[in-house]
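Below you'll find the structure, written out as structure tokens, and then a few comments.
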Amino acid sequence: MASKTYGADEAIPIAAEESYPSAAYGWFVVFVLTVAYVFSFLDRQILSLLVEPMKRDLALSDTQISLLQGLAFALCNVLVGLPLGRLVDSKRRTWLVAGGIGFWSLATAGCGLVRSYGALLALRMGVGAGEAVLTPAANSLIGDHFPPHKVGLPLAVYSIGIYIGGGLALVIGATIIAGTLKSGPTLLPLIGEIRPWQTVFLIIGLPGLLVALVALCLREPRRTGAVHSVTAADGSQVAAALPLRDVLAYLRANKRAFLAINLFMGFSAVAGYGVAAWVPTMFIRRHGWSAVEIGHIYGVLLLTFGTAGVLCGGWLGDVMTRRRGASGRLRAAVWVKLATIPLIFGYTLLPNGSWALVPLAGAVFLPTFLNGLSPAIIQQMVPNQMRGTAISISLLVINLLGLGLGPTLIALMTDRVFHDPAMIHLAILAVSVAMLLLSLTCLLIGYRPYLALVERLGHARLASAGPPVAVDGAAVP
């Protein structure tokens, strides 16, 4: 039967659905994965409130702090991200998720017991290693619980974990800091005295072990639309990871689209992670606010405007895809970028901290649309059994550029260019605008190659549609 190919700007009709788990169970899985993502950002973002006490107690510079916030994570994603992504494409993803959560939770708690900068850096790298598996596995799992035209919103709900976690880290962290500063150092059996900022790491890290147990109990779904399988001993067809040579050949054949889209996300992340790491410190230094004050306020902004932005981005992406085809999500991303520029100037240059909160709220809301758009953009570019690898590559670029450069680039601007910690607002402004323009340029360069790739892949999927297969040789319900 002939297959119709839909153009970049043509509405895409809703096709017959493959066999997916029930919607209720699918949303339960999304909930569990989102909670895990919340905990990952609790563990990651809490550092932004602890800059000043850690600098004092360990005699650190802004640049050393920035390495804890960013490069430690980026290095681990380079080392373990791609191998874990390959495992996600063929092994039990629920087990991988549970193991990752448990590992990073223990590493976070361990940060509360360290006595030196070297030990702290090593443990932060451990947190990054544990977190490297979550998003590739979560995106792959969610993609097998919902059909393509409905997957944008579930992926966006998962993505709000960034802002719920980041917001709760600030709100809860500020509350814990306020309490621990009053009580002073804590004396633990066999360990000895720990400072208030170390107590925060223990309180934030240990509850993640409970989330790991829940994740371990999730059912592994069938892989829908699998394009490579092997025959098991019982004669059934079992999903298997695509051979690495085929994956590399696919990436090479579509290198312009993959490179441009990943750089677009990476440069966006430089600004995003840099701002998240240093905005609390900007309000402390520039406006004289306390860590508790800015922690509560910025945390609420992330929880409300950040969450709303991601959900709006996911919903808008689904609507635009149905109406305009593959170009829908890219069009939305362009307008979001352009509308964000004046907001950056507003919150960094306004002399009054209370006034600066208004454009800051907008600068949290609009860019977070991209977190609702980006996962679905990547999924549209690859067949099922490349999802884990594709997301791992995307995370590698995002973390290497975003986490590796974002916090450190702003710190280097204050230390080496302005030579004044009080000029942190100008460093944030310069880095944010430069990265925004770079990311927008990459998106425009990759626009047409991306649309051509999605169209070719959509035609191939229609031509080779078949039943889903089991996972890792197991009898999966």
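FYI, it's all coordinate maths here, none of it is from the lab. Not measured: the values here are computed from a predicted model. We place every Cβ from the backbone using ideal geometry, glycine too, and count neighbours over all the protein chains shown.
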Taking H placed 1.01 Å from N in the peptide plane, check which residues at least 5 places from Gly325 or on another chain put their amide H under 5 Å from its amide H. Ile12
Give a residue-ordered list of calculated ³J(HN,Hα) values for the stretch 364-371 (Karplus: 6.51 cos²θ - 1.76 cosθ + 1.60, θ = phi - 60°; whole Hz; x for Gly, Pro). 7, 5, 5, x, 6, 4, 5, 5
Out of all DSSP beta bridges with both ends in the chain, state the antiparallel percent to the nearest 5. 80
Relative contact order (%) - the chain, alpha-carbon pairs under 8 angstrom, separation at least six: 29
Using only the alpha carbon atoms of the stretch 23-80, find the Kirkwood hydrodynamic radius as the inverse mean reciprocal pair distance, in angstroms to one decimal. 13.6
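Work out the length of the dipole vector of the stretch 235-363 about its Cα centre, built from +1 on the beta-carbon of each Lys and Arg and -1 on the beta-carbon of each Asp and Glu, and round it to the nearest 20 debye. Provide the component values of the computation, followed by the final result.
Values: 12 positive and 3 negative charges, 121 e Å.
Here the stretch 235-363 has a charge dipole of around 580 debye.
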Counted neighbours (other Cβ, 10 Å), sorted fewest up, put Val275, Val454 in the order Val454, Val275
Counting all Cα-Cα pairs in the chain, those more than 32 Å apart amount in percent to 38
Using the Cβ atoms and a cut-off under 11 Å, what net charge is assigned to the surroundings of Ala376, where Lys and Arg are +1 and Asp and Glu are -1? +1
With +1 on each Lys and Arg Cβ and -1 on each Asp and Glu Cβ, and nothing else charged, work out how big the dipole of the chain is about its Cα centre, in Debye to the nearest 20. 660
Could you tell me which of Val292, Leu82, Gly102 has its Cα farthest along the dipole of the chain towards the positive end, charges placed at Cβ (Lys, Arg +1; Asp, Glu -1), taken about the Cα centre? Leu82
Cα coordinate range in the stretch 60-119, projected on the principal axes (Å, largest first): 43, 22, 13
Along the stretch 324-334, Karplus-curve 3J(HN,Hα) (6.51, -1.76, 1.60; θ = phi - 60°) to the nearest Hz, with x for Gly and Pro, reads 10, x, 5, 6, x, 5, 5, 4, 4, 4, 4
Show me, for the stretch 295-307, the HN-Hα J-couplings you get by feeding each phi into the Karplus relation (A = 6.51, B = -1.76, C = 1.60, θ = phi - 60°), rounded to Hz, glycine and proline as x. x, 5, 6, 5, x, 5, 4, 5, 5, 8, 5, x, 4
Scan around Arg223 for amide H atoms under 5 Å from its own, H built in the peptide plane at 1.01 Å from N, and keep only partners 5 or more places away or cross-chain. Val469
Here FRET efficiency (C-beta to C-beta, Arg456 to Ala24, R₀ 45 Å, nearest 0.05) is 0.80
Which of the peptides 256-262, 447-453 is most tightly packed, and how do the rest follow, judged by the mean count of other Cβ atoms within 10 Å per residue? 256-262, 447-453
For the stretch 101-204 the mean separation of alpha carbon contacts under 8 Å (6+ apart) over residue count, i.e. relative contact order in percent, is 36
Rounded to whole angstrom, the alpha-carbon centroid of the stretch 327-341 lies from that of the stretch 84-159 at a distance of 28
Listed by chain and number, the residues whose amide H is under 5 Å from that of Leu188, excluding neighbours fewer than 5 places away on the same chain and using placed H, are Glu193, Ile194
Inter-label distance, nm, simple model (7 Å from Cα along the C-beta direction), Tyr117/Leu216: 3.8
Against the longest alpha carbon principal axis of the chain, how many degrees, from 0 to 90 and to the nearest 10, is the axis of helix 161-183 turned? 20
From the residues Ile194, Thr321, Val38, which one has its Cα farthest along the dipole of the stretch 23-471 in the positive direction, the dipole being from +1 and -1 charges on Cβ of Lys/Arg and Asp/Glu about the Cα centre? Thr321
